[in-house]
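*Asks:* Here's a structure for you.
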Amino acid sequence: MKIAAFDDHRIGLVEGERLYDVTAAVPAALDALPQQRINWLIAHWAEAQPALQAARAKAAGRALDGVRWLPANPQPPHVFAAPANYQKHIGELGARVVTKKGRSAREQGFFLKAPGSLVGAGGVIGLPKGSTRRFDHESELAVIIGKPGRDIPRSRAMEHVFGYACLIDATMRIEPETHEEERSMRKSFEGFTPLGPWIVTADEVPDPQALRNRLWVNGELRQEASTKDMIVGVAELIELISSVLPIQAGDVIASGTPEGVGPFAPGDTLRIAIDGVGDMSLTVREREAASPRPY
């Protein structure tokens, strides 16, 4: 099943080239907090099935090109991210590398991205006005948590996965000895975490460690790899994160980027596609207003 957030935080089921509005399946009380509808649906997935099926039966399909896509989960409790999780990516940034001495996600753990940096398919990645810094694309498989838990062993970790989505981890690079901001801040500008175009439920992805992941800039293929090449797989990432704090329904895990990371600029179009998960494009623009603190 493909579940999307669209327009004014409505919930849709995507079937072929049509979208069916099933917002009626969630409690009307959430009309006051529409950003939480997807979190509620994920947390109450089993019990919501009768209402979901009833809403689908009544819904008229819409063409996908008439939809304004929101992030696949517009307001996750956390956005966790794995650094240095593909061997060929480690060290490819040269002097700008942050994870030193060849360490990987297994040793480094995770960092956090701001949920406010999320944007949906067809949206905009906004760069600071007038910036001369380097901004890079990182193409990643996103894991959406369905079942909360703490101290989850990897042998049971996949029981906690609700589904998957495409994710781009946009990044402002450090400049050694001059600009060396914290990783979470450099990756949390508005629009720096495209997530979508929808969530594909886990039952439709038999093996998340056997997916082709690709990213293009203006039609030029920049990144192509398989998730089998992750150093720390999905199950181990869940084990690692849940050993630090409880994971929650709706949490997003960005599982790391393969080699081929490179720069993009205003006017570019980025496209990410992960087999069996989704395909989406976004545009890059410079923000109209300059921030009081320049970057």
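Read-outs throughout are calculated quantities, based only on the coordinates presented, and are distinct from any laboratory measurement. Values in this document were obtained by computation on a predicted structure and should not be read as measured data.
*Asks:* Pull out a ≥ b ≥ c, the square roots of the eigenvalues of the alpha-carbon gyration tensor of the range 183-295, then state rounded if a/c is under 1.5, prolate if not and a/b is larger than b/c, and oblate in the remaining case.
*Replies:* The shape class here is oblate.
*Asks:* Still on this model: Shape of the range 29-75 from its Cα gyration tensor (a ≥ b ≥ c, root eigenvalues): rounded if a/c is under 1.5, otherwise prolate when a/b > b/c, or oblate?
*Replies:* Oblate, since a/c reaches 1.5 and b/c is not below a/b.
*Asks:* ³J(HN,Hα) across the range 217-222 via Karplus (A = 6.51, B = -1.76, C = 1.60, θ = phi - 60°), whole Hz, x for Gly/Pro?
*Replies:* Taking θ as phi minus 60°, the curve returns 10, 6, x, 8, 5, 10 Hz for the range 217-222.
*Asks:* Something else about it: Pick from 123, 250, 267: which is most flexible by mean-square fluctuation in a GNM of the chain where alpha carbon atoms under 10 Å apart are linked?
*Replies:* 267
*Asks:* With the cut-off at 31 Å, tell me which of the pairs 2/129; 101/129; 58/187; 2/187; 100/147 have Cα atoms farther apart than that.
*Replies:* Values: 2/129 36 Å; 101/129 34 Å; 58/187 41 Å; 2/187 27 Å; 100/147 34 Å.
Exceeds cut-off: 2/129; 101/129; 58/187; 100/147.
*Asks:* Note the angle between two axes, namely the Cα long axis of helix 45-58 and the longest principal axis of the Cα atoms of the chain, as a number of degrees from 0 to 90, rounded to the nearest 10.
*Replies:* 70 degrees
*Asks:* Please list, or write none, the aspartates and glutamates whose alpha carbon is within less than 18 Å of the alpha carbon of residue 88, excluding same-chain residues fewer than 8 places away.
*Replies:* Result set, ordered by chain and number: 107, 136, 138, 140, 169, 224, 229, 259.
*Asks:* What number, in percent, do you get for the relative contact order of the range 218-281 if the mean sequence gap of Cα pairs under 8 Å and at least 6 apart is divided by its residue count?
*Replies:* Taking the mean separation of contacting Cα pairs over the length of the range 218-281, I get 43 percent.
*Asks:* Divide by every residue of the chain the summed helix terms, -39500 (n - 2.57) for each DSSP H run of at least 4, and state the resulting mean residue ellipticity at 222 nm, rounded to the nearest 500 deg cm²/dmol.
*Replies:* The helix-only estimate for the chain comes to -3500 deg cm²/dmol at 222 nm.
*Asks:* What is the Cα convex hull volume of the range 2-66 when expressed per residue in Å³? Let's see the in-between values first.
*Replies:* Numbers: hull volume 5.1 nm³, N = 65.
Value for the range 2-66: 79 Å³ per residue.
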